[in-house]
Amino acid sequence: MITISNNSYEILATGLLAAFFAQVIKFCIFIIKSKKINFKIFTTTGGMPSAHSAGVMGLSTSVGLIDGFSSTIFAVALGFALVTMYDAAGIRRAAGKTAACLNRMMEDFYEHNVQAIGPKLKELLGHTPLEVFVGATFGIFFAIFFHKYLLSHIFIVLHY
């Protein structure tokens, strides 16, 4: 019998569930905006909120709640989260903008022979700073909710 409260299972579950629910929110926002259902949203990067940010901040907040916010492992988790969020808003966003520019250039260059272009480069790779902030905030609040309320009201035990 393994409990998932106040241990590494809770930390892992928090990070994964925060990222999953951020993707669910992203899916719902897409439905509201476009009035269409697209299940590919669950596997795409980019968009509001950042699932990467929600996951890593949920994970690091969970580490802080369980092992203490002054622990070495929390510092490592937070450092990992900050690098991930910087990458999402910086490097991956720049790569997405570059892809959009290249796609436009290819369309202009091959305007008479659209078939020669081939598949477009993926443009929605990164996040705006707001998407990262909202994802990170969601991850923090999800971790607190999961730790303080959900696990204390639902007894979760895995049997194997």
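The values are calculated or read from the model by the stated rules, or taken from the named source; none is laboratory data. In this text, all values refer to a predicted model and were calculated from it rather than measured experimentally. Here Cβ is always computed from backbone atoms with ideal geometry, including for glycine, and neighbour counts include all displayed protein chains. Keep in mind that these areas ignore ligands, DNA and RNA; they rest on the heavy atoms of the full protein, side chains included. Shrake-Rupley method; radii C 1.70, N 1.55, O 1.52, S 1.80 Å.
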Exercise. Kindly indicate the residue of segment 40-74 that is surrounded by fewer than 24 Cβ atoms within 10 Å (Cβ to Cβ) and among the small types (Gly, Ala, Ser) and also nearest to Leu12 (Cα to Cα) among those meeting that condition.
Key: Gly64
Quiz item: Would you call Ile32 surrounded by fewer than 19 Cβ atoms within 10 Å (Cβ to Cβ) and in a helix (DSSP H, G or I)?
Solution: yes
Quiz prompt | Qualifying residues in segment 20-50 (those that are in contact (Cβ under 8 Å) with a residue 24 or more places away in the chain and among the β-branched types (Val, Ile, Thr)) - the one nearest to Ala81 (Cα to Cα) | solution = Thr45
Quiz item: Would a scan of segment 86-103 turn up a residue that is at pLDDT 95 or above, open to solvent by 40 Å² or more (accessible area, probe 1.4 Å) and among the aromatic types (Phe, Trp, Tyr)?
Solution: no
Quiz prompt | Single residue of Ile11, Ile25 found to be closer than 17 Å to Leu78 by Cα and modelled with pLDDT of 90 or more | solution = Ile11
Quiz item: Residues of segment 4-16 being surrounded by 18 or more Cβ atoms within 10 Å (Cβ to Cβ) and not charged (D, E, K, R), which ones?
Solution: Ile11, Ala13, Thr14, Gly15
Quiz item: How many residues does segment 51-86 contain that are out of contact with any helix residue (DSSP H, G or I) (no Cβ under 8 Å at 6 or more places or on another chain) and either touching a residue at least 12 places away in the same chain (Cβ under 8 Å) or of a type in the set (A, V, I, L, M, F, W, C) (or both)?
Solution: 5
Exercise. Residues being hydrophobic (A, V, I, L, M, F, W, C), modelled with pLDDT under 85 and assigned to a loop (DSSP other than H, G, I, E, B): count how many of those fall in segment 35-81.
Key: 1
